[in-house]
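Throughout, read-outs are computed from the coordinates displayed, never taken from laboratory work. From a predicted model like this one, the values you see are computed outputs, not experimental measurements. Note: ideal-geometry Cβ built from the backbone for every residue, glycine included; neighbour counts use all protein chains shown.
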């Protein structure tokens, strides 16, 4: 149990007044970010990232990861009270959360949601604590071909598991990789895809792109429906909380199921959304009274929230252990690591022990603090949503503009942000997925380096990705994932033709 | 946050709008043109195998071709689907442009007026014209928000933001 002593060290690192203060600020900011339209996890972190450049990496990651937890909690508030999912993975929470609020049980629904989130997140953190160091130790042996294979696996699982049309997922991913390649090529010094523009020489900064794609576009989508919000009000008192908690043991099996599904899907990139729906679906299938789902069954709130947060937390595992983020927010955090001068990847666990274990310890504390804060401040945040959109919208746009500018201190970036806002608006409406695009943009350079180095070793032959058992099996799994949708398609075809035959026979 | 679930009574009555199919076709077409340009540019700097391994354009050239093919696939499938779904109703588009145009004016003005003055005017104008608030309340909200911003960024975090003539008057 070496992890436990390392974890204890981690707690030693973070238990200073300054870090605890940052944790509280992070969670409060995170809930605001999660509640407000246009500010979700990824771009909330992106906007605040430049403000942390002056801090020590440990304090900075505590602040930013707490914003992440806060945003996860905040998403549930809007789902339950306003029937507006804060993030894609809160969609399943609205199915039973909003009916509960309509029945006057908003407090119980929120308590269920927060408790589920907390349990899911803690399971995810436990998984990180014990599994991540092993994965990292294993990955220390990786060379460029293995890393390329893992990157390839990440992208293939997005394509294989994504619900969007496959061509659109691949197009979004390819665009992200192309955007990452714009500017000066680090190997040859050639200028790529700048078309003579001096502004494009330094390429596209992923933070600016994230703020545009997620922030501006969300505001544009929100404004489509006009300026009014209609929500239910909520009051949570200790009695409701205790009453809800007393009933939690009844749903023990549901929670276990959701935790397992969430952890599994979270490590697989792009899985958090799928995890929440699977959690909901499983709870409904195994329930004794499946008809009560959708009409305000607390289990229908608990199951997807637990799964989504287990997934959201587990998504940080590959980011820490391999340097490969499992979600858009994890991708932004990973970009932060690079800006603070830390090299993401398996070496982090051996070279930056204080940082890694400080972060893991802050995940435990952050979620506990988050649960307490969010339970006690719900009315406050519900009130924020009552501020008219004609005041909130320009303010959020201003914050986005400031965030885009502070990345590199360039007004040109604010234009890039606006441009990607429009792109994001159109992409969202046409179901081009944005998360793979951001992931590709963050990983692009390292993916290309790994590819080039592999190609150099093998003199241009793709055989190198099957040169040893490890690398070969990762590549093969990736390709199987890539073509897995085709199997489903063939199966459906066979079924369809069989049923047609039996009809005529 | 998204507002997919909000019911819009007006939107339902309005009915007509821009069709999803036409936007799909345009976006896929733009993708193909963009990728053609990118592939051409990468081919120009060398997308083959040089003396020291893959040339600078090797990886992006192949990507551009791949994305271009995806664009083609999207174009074809959108063309074949006779989908009558709407991308957005005219009313929705009007609302989007009512925000988008001021946003672009705001971004343009940052270079000249600095971010604080531009933001104050942006908030005030949007509140006045879109929200129907009184001039006084709109201006007060815009100015106070930006005084807070100035305090946080310039004085507390010492992160300099773009400044214009007004700040120069006070010696910043």
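Numbers at a glance
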item: Linear extension gain, residue A:199 paired with residue A:466, 0.36 nm per residue minus alpha-carbon span; result: 92.1 nm
item: Global geometry of the range A:255-381, whether rounded, prolate or oblate, following the gyration tensor of its Cα atoms and the 1.5 cut on a/c; result: prolate
item: Residues A:96, A:190, B:41, A:291, sorted so that the one with the fewest Cβ neighbours within 10 Å comes first; result: A:291, A:190, B:41, A:96
item: Residue-averaged [θ]222 nm for chain A, counting only DSSP H segments that reach four residues, each worth -39500 (n - 2.57); result: -24500 deg cm²/dmol
item: Chain B: equivalent-ellipsoid semi-axes (sqrt of 5 x gyration tensor eigenvalues, Cα, Å); result: 42, 31, 12
item: Three-way shape call for the range B:118-158 based on the alpha-carbon gyration tensor, with the a/c threshold at 1.5; result: prolate
item: Nearest-0.05 FRET efficiency for residue A:419 and residue B:40, computed from C-beta distance (R0 22 Å); result: 0.50
item: Diffusion constant of the range A:380-505 at 10 °C, which comes from Stokes-Einstein with the Kirkwood Cα-pair radius and 1.306 mPa s, µm²/s; result: 78 µm²/s
item: FRET E, pair residue A:498, residue A:141, Förster distance 56 Å, beta-carbon r, rounded to 0.05; result: 0.70
item: Whole-Å distance, taken between Cα centres, linking the range A:344-362 and the range B:97-137; result: 44 Å
item: The protein assembly as shown - Debye-derived log10 I(q)/I(0), Cα point model, q = 0.07, 0.09, 0.11 Å⁻¹; result: -0.46, -0.78, -1.21
item: Segments B:145-153, A:447-455, A:65-73 sorted - mean Cβ within 10 Å per residue, highest first; result: A:65-73, A:447-455, B:145-153
item: Simple spin-label estimate for residue A:238 and residue A:2 in nanometres, 7 Å along Cα-Cβ; result: 4.5 nm
item: Packing-based ranking, highest mean first, of A:276-282, A:135-141, A:363-369 given that Cβ atoms within 10 Å are counted; result: A:276-282, A:363-369, A:135-141
item: Shielding by other protein chains, A:167-180, mean Cβ within 10 Å; result: 6
item: R0 of 51 Å, Cβ-Cβ distance residue A:480-residue B:152: FRET efficiency to nearest 0.05; result: 0.50
item: Principal-axis tilt of helix B:135-150 within chain B, Cα atoms, nearest 10 degrees; result: 70 degrees
item: Relative contact order [Cα under 8 Å, 6+ residues apart], chain B, whole percent; result: 21 percent
item: Viscosity 0.890 mPa s, temperature 25 °C, Stokes-Einstein D of the range A:145-236 from Kirkwood C-alpha radius, µm²/s; result: 145 µm²/s
item: Three-way shape call for the range B:92-172 based on the alpha-carbon gyration tensor, with the a/c threshold at 1.5; result: prolate
item: CD proxy at 222 nm, helix term only [per DSSP H run n ≥ 4: -39500 (n - 2.57); per residue of chain B; nearest 500]; result: -22500 deg cm²/dmol
item: For residues of A:410-416, the mean tally of beta carbons on other chains within 10 Å; result: 3
item: C-alpha center-to-center spacing [the range A:177-209, the range A:97-169] in angstrom; result: 31 Å
item: Computed over chain A: relative contact order in percent, which uses C-alpha pairs under 8 Å that are six or more apart; result: 28 percent
item: Rounded tilt (10° steps) of B:20-45 against the dominant C-alpha axis of chain B; result: 70 degrees
item: Separation between Cα centres of the range B:32-82 and the range A:2-20, rounded to whole Å; result: 48 Å
item: Degrees between helix B:90-126 axis and first principal axis of chain B (Cα, 0 to 90, nearest 10); result: 60 degrees
item: Full-stretch length increase - residue A:184, residue A:372 - with 0.36 nm per residue and alpha-carbon distance subtracted; result: 62.9 nm
item: Shielding score for B:60-70, defined as the mean number of other chain Cβ atoms within 10 Å; result: 6
item: Net length gained if the chain between residue A:252 and residue A:291 were fully extended (0.36 nm per residue, minus Cα distance); result: 12.0 nm
